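Trainee: Questions regarding the structure given below will be posed in turn.
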Amino acid sequence: MQSTKFLTDELNELKEKSLYRKLRILQSAQLPVSKIDGKEVINLSSNNYLGLATHPRLKKAAIAATEKFGVGAGAVRPIIGTMEIHDQLEKELAKFKHTEASLVFVAGIAANRGTIQALTPDAEDAIISDELNHASIIDGVRLTKAKRLVYKHKNMQELKEALIKAKGSRRIMVITDGVFSMDGDVAPLPEIVDLAHQYGAFVMVDDAHGSGVMGPHGEGTTFHFGLQDKIEVQMATMSKAVGVLGGYVAGTTALREFLIHKARPFLFSTAHPPGVAAACLESIKILQEEPEHHQRLWANTKYFKEELTRLGLNTAGSVTPITPVIVGDAATAMKFSDLLFEEGVFAQGIGFPTVPEGKARLRTIVTANHTREQLEKAVQAFSKVASKLGLLALK
């Protein structure tokens with residue numbers, strides 16, 4: 001149809017820029033070696049950090065809850081969709097995060113959008129955001145009428161200047177990722193909190209990639225810095241290290257009650273199926289009872305980073321299990337990914353607009369369940385392909 005010709009035009013433009021990708025089809029469980037598009041490959045693109053997506057205790061909990069409560073919650077949370085299992089999960093999440101309370105949303109993107117819009121809805125409010133914050137934060141900010149100020153990545157002088165500009169606003173919120181999802185670096189939370197409180201602002205941290213990863217038992221980036229009592233709004237997901245699905249916000253009881261009445265994604269989304277909630281609950285217990293998953297994750301992370309650095313690849317100074325391999329050009333990144341797949345390794349190429357132009361990369365994530373042999377094979381594949389593409393001299 002002529003009226004929708006723009007669809008084909010824009011898809012062709014993506015193809016010309018080497019940014020068009022077909023969806024890969026996972027034909028197995030989310031495992032260190034997964035079957036993708038009919039091929040067994042070492043999977044370095046999964047957010048299943050601790051391997052809990054296939055943990056026997058989670059599967060057992062999900063099946064038991066489904067047998068007892070059925071496959072669906074049947075309503076939105078504020079009407080009759082809040083089941084006993086949801087209440088139990090939120091209480092356990094609050095304990096895990098060392099906060100008074102928590103509130104679960106259907107997904108992390110819903111938690112960010114709903115919370116940001118609810119807390120800073122008016123033109124008299126101000127939101128100050130790191131330039132590399134996740135897309136769901138950017139979306140949440142766009143849903144408000146608040147004044148928007150963006151500071152350069154982790155630049156505390158620019159944050160200070162933004163706080164001065166925002167002075168006099170009704171509410172001022174500083175928002176940042178805890179662990180940045182594309183670069184694998186960590187926000188300077190102590191400095192952010194000190195500056196924000198100095199200028200009368202409150203802080204929201206999106207810890208989607210920090211929860212389950214950072215802290216002694218995966219309590220998150222806020223706990224890693226000992227700031228769990230000083231950061232007003234903690235957002236996290238249960239879709240990554242927790243191994244299941246969902247987002248949540250942890251903080252005071254007043255914050256929870258406020259969001260119950262004001263956060264639109266909470267008000268208008270059907271609750272999680274009971275099996276999902278039960279699996280999430282069991283996963284939070286495992287995080288605290290089985291520290292060996294967390295320990296293996298960091299041991300694997302250390303090895304893999306050291307090996308990629310030894311090859312001379314640019315990992316952008318990442319300090320978390322997210323390890324980008326920066327190549328710059330989008331076409332090269334996609335070619336790198338395709339050649340790795342031929343070698344039995346899956347690492348997705350990522351380009352603009354997910355990352356800035358000129359900073360295309362492969363984003364890798366090791367998990368607790370990768371074996372040393374698998375990681376050695378992956379390193380060998382990176383070495384072979386990077387050499388073929390002339391990337392080993394890049395720093």
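Trainee: Can you report the number of residues in the stretch 322-376 which are outside any helix (DSSP H, G or I) and over 21 Å from residue 40 (Cα atoms)?
Mentor: Count: 20.
Trainee: Still on this structure, I have one more. For the stretch 19-60, which positions are in contact with a helix residue (DSSP H, G or I) (Cβ under 9 Å, 6 or more places away or on another chain) and over 26 Å from residue 304 (Cβ atoms)?
Mentor: Matches in the stretch 19-60: 19, 20, 57, 59, 60.
Trainee: With the condition kept exactly as written, say whether any residue in the stretch 346-367 is modelled with pLDDT of 90 or more, open to solvent by 30 Å² or more (accessible area, probe 1.4 Å) and either over 22 Å from residue 49 (Cα atoms) or among the aliphatic types (A, V, I, L, M) (or both).
Mentor: no
Trainee: Continuing with this model, one more query. Can you work out which of the residues in the stretch 172-197 that are over 22 Å from residue 228 (Cβ atoms) and of a type outside the set (A, V, I, L, M, F, W, C) is most open to solvent (accessible area, probe 1.4 Å)? Talk me through it step by step, then tell me what you get.
Mentor: Start the filter on the stretch 172-197 by keeping residues that are over 22 Å from residue 228 (Cβ atoms), which leaves 182-184.
Next, only the ones that are of a type outside the set (A, V, I, L, M, F, W, C) stay: 183-184.
Numbers: 183: 32, 184: 0 Å².
Filtering first and then ranking leaves 183.
Trainee: In the set 72, 114, 108, which member is of a type outside the set (Phe, Trp, Tyr), more than 22 Å from the chain's Cα centre (by Cα) and open to solvent by less than 70 Å² (accessible area, probe 1.4 Å)?
Mentor: Working: 114 fails: more than 22 Å from the chain's Cα centre (by Cα); 108 fails: more than 22 Å from the chain's Cα centre (by Cα).
The unique qualifying residue is 72.
For every residue, the table says whether it meets (1) touching a strand residue (DSSP E or B) at 6+ places or on another chain (Cβ under 8 Å); (2) modelled with pLDDT under 95; (3) farther than 25 Å from residue 269 by Cα.
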residue: 118; (1), (2), (3): no, no, no
residue: 123; (1), (2), (3): yes, no, yes
residue: 137; (1), (2), (3): yes, no, no
residue: 146; (1), (2), (3): yes, no, no
residue: 149; (1), (2), (3): yes, no, yes
residue: 154; (1), (2), (3): yes, no, yes
residue: 186; (1), (2), (3): yes, no, yes
residue: 213; (1), (2), (3): yes, no, yes
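Trainee: Sticking with this one: From the list 301, 252, 270, pick out the single residue that is more than 20 Å from residue 175 (Cα to Cα), open to solvent by 40 Å² or more (accessible area, probe 1.4 Å) and of a type in the set (Ser, Thr, Tyr).
Mentor: On inspection, the qualifying residue turns out to be 270.
Trainee: If a residue has to be within 23 Å of residue 261 (Cβ to Cβ) and either free of Cβ contacts under 8 Å to residues at least 24 places away in the same chain or buried (at least 24 other Cβ atoms within 10 Å of the Cβ) (or both) to count, how many in the stretch 127-136 make the cut? Quick ask: steps written out before the conclusion?
Mentor: Initial filter on the stretch 127-136 (within 23 Å of residue 261 (Cβ to Cβ)): 127, 136.
Checking the rest, the ones that are also either free of Cβ contacts under 8 Å to residues at least 24 places away in the same chain or buried (at least 24 other Cβ atoms within 10 Å of the Cβ) (or both) come to 127.
Residues that pass the stated criteria total 1.
The values are calculated or read from the model by the stated rules, or taken from the named source; none is laboratory data. Model, not experiment: these values are computed from the prediction. Neighbour counts run over all protein chains shown; Cβ positions are idealised from the backbone, glycine included. Note: accessible area is taken over every heavy atom of the protein model, side chains too, but ligands, DNA and RNA are not part of it. Shrake-Rupley method; radii C 1.70, N 1.55, O 1.52, S 1.80 Å.
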